[in-house]
Amino acid sequence: MREEQNTETSPELQWEETVARYLDEHPDYFKNHPEILMQLHIPHEGCGVSISLIEKQVDVLRIKNRAMQRQLHDLMTIARENSVAGERLHRLCLILNEASSAEKLLRVTHDQLRKDFKLETNCLVCNGDNEALAKVGAEIIYPESDLVHHLLNWMGETRVRCDDHPDSVVMETLFVDSAEAIASVAFIALGSGAPWGVLVLASSDKHRFHPGIGTVYLGRLGEVLSSAFQRFRS
């Protein structure tokens, strides 16, 4: 008696047929899922589909390589900028340590921020409860007013705030004639606890102090100045 042939298809073959049929019906599958190509191992033999897939893999690798090159370039740029910022902060610390009075301290701070940090202008807003600070020229110290309380309350527990749409009234009050040229501004709280003052850095570059930038060095600048000013506060 002749044995009956097994006409049932194995599960593995059924899956292969299903996959092949799906790919045939969806020719854009690898275009929409390039990550799958990265996992394929297709021998470079003959011609046709095999070569086409290999070429596609190469294209994906090239795109990935270009993305990695851009990322590496960005990281190197950030590293250089951080190095420059660190050197500037170091020089500022040395200069601040040499200041023998509140007036000299504030003058060198103002000048150094303009020259070394390439800022168009800056000012220091304080609550005016210290005679040594309050008597220094209005170019740096803004006298007691509602604006002082507004800025101090607005800062709250935040040590640094950046804004590329600065309030025109605040800018005109702080910087008067140069207010129209200001496109972005950074507010840095001074004081280890509740802020007694706010250092305001202004730039004509809209991207200099946009809200998304890192604020590590701005925060360190605030800490350095807070420590320096503490010597002359009552």
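The values are calculated or read from the model by the stated rules, or taken from the named source; none is laboratory data. None of these values were measured; they are calculated from a predicted model. Positions of Cβ are generated from backbone atoms using ideal geometry, with glycine treated the same way; all protein chains shown enter the neighbour counts.
Being surrounded by 10 or more Cβ atoms within 10 Å (Cβ to Cβ) and in contact with a His (Cβ under 9 Å, 6 or more places away or on another chain) is the filter; apply it to the stretch 3-51 and report the residue that is modelled with the lowest pLDDT.
Ranking the candidates gives 50 first.
Among the candidates 180, 223, single out the residue that is acidic (Asp, Glu), surrounded by fewer than 19 Cβ atoms within 10 Å (Cβ to Cβ) and either touching a Pro at 6+ places or on another chain (Cβ under 6 Å) or under 23 Å from residue 108 (Cβ atoms) (or both).
223
When you scan the stretch 154-165, how many residues do you find that are buried (at least 20 other Cβ atoms within 10 Å of the Cβ) and modelled with pLDDT of 85 or more?
2
List pairs: first in the stretch 179-199 and at positive phi, second hydroxyl-bearing (Ser, Thr, Tyr) and surrounded by fewer than 24 Cβ atoms within 10 Å (Cβ to Cβ), Cβ under 7 Å, 6+ apart or cross-chain?
Every condition considered, the pairs that remain are 191/226.
Are any residues in the stretch 173-225 closer than 19 Å to residue 89 by Cβ, of a type outside the set (A, V, I, L, M, F, W, C) and within 17 Å of the chain's Cα centre (by Cα), and if so, which ones?
Correct list: 203, 208, 214, 215, 217, 219, 220.
Of all residues in the stretch 184-217, count the ones that are surrounded by fewer than 21 Cβ atoms within 10 Å (Cβ to Cβ) and outside any loop (DSSP other than H, G, I, E, B).
Count: 2.
Listed residues 208, 220, 161; which is in contact (Cβ under 8 Å) with a residue 60 or more places away in the chain and among the basic types (Lys, Arg)?
220
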